[in-house]
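Here, each number is a calculation from the coordinates, and none is a lab measurement. A quick note: this is a predicted structure, and the numbers were derived from the prediction, not measured. A quick note on method: Cβ atoms are made from the backbone with ideal geometry, for glycine too, and the neighbour counts reach across all protein chains shown.
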Amino acid sequence: MKLNQVTVPSTDVAKSIEFYKRLGLIQIVDSPPKYARFVCPDGDATFSVHHYDELSTGVRPVVYFECEKLDDTVADLKSRGVEFDSDPVDQPWLWREAYLRDPDGNVICLYFAGEKRLNPPWRIKPKIETPVVVRADS
């Protein structure tokens, strides 16, 4: 299984398009005014924005975008007018994270984790199965 995309809700897709393009995503589908799809500049993961007349007031997912040079990326985005809720901070789970919100209030985390993303010290170790030995008696 491979994750294809994440879709976030938006009341103003045009405003969201400009925001996500400013973050560096590359728009590959434009179905105004209801839908837009982007590809991440690194890898082949995609990300979409879909129009809703009203947004849920409940908890929504946090979308994580990994950046090799997180501090430089945040500084560059700030210089271009992107507002952050928090600057890059080293977290106890060994990731460095900065948070912001898109025009609809969807939470975005720009982060860098490197090798720790898939291999933290507390990663569950795979169970080694004991092989079953079948003996052929003569």
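Residue 98 passes every criterion in (1) touching a residue at least 24 places away in the same chain (Cβ under 8 Å); (2) of a type outside the set (Asp, Glu); (3) in a loop (DSSP other than H, G, I, E, B) apart from (3).
Within the stretch 123-135, not a single residue is part of a loop (DSSP other than H, G, I, E, B) and touching a Leu at 6+ places or on another chain (Cβ under 9 Å).
Tell me yes or no: at least one residue of the stretch 53-63 is under 25 Å from residue 87 (Cβ atoms), assigned to a loop (DSSP other than H, G, I, E, B), in contact with a Leu (Cβ under 7 Å, 6 or more places away or on another chain) and free of Cβ contacts under 8 Å to residues at least 40 places away in the same chain. Checking the stretch 53-63: not a single residue is under 25 Å from residue 87 (Cβ atoms), assigned to a loop (DSSP other than H, G, I, E, B), in contact with a Leu (Cβ under 7 Å, 6 or more places away or on another chain) and free of Cβ contacts under 8 Å to residues at least 40 places away in the same chain.
In the stretch 6-45, of all residues being within 13 Å of the chain's Cα centre (by Cα) and part of a helix (DSSP H, G or I), the one that is nearest to residue 68 (Cα to Cα) corresponds to 23. Is it the case that the stretch 67-80 has a residue that's surrounded by fewer than 17 Cβ atoms within 10 Å (Cβ to Cβ), touching a residue at least 12 places away in the same chain (Cβ under 8 Å), in contact with a Leu (Cβ under 8 Å, 6 or more places away or on another chain) and acidic (Asp, Glu)? No, the stretch 67-80 contains no residue that is surrounded by fewer than 17 Cβ atoms within 10 Å (Cβ to Cβ), touching a residue at least 12 places away in the same chain (Cβ under 8 Å), in contact with a Leu (Cβ under 8 Å, 6 or more places away or on another chain) and acidic (Asp, Glu).
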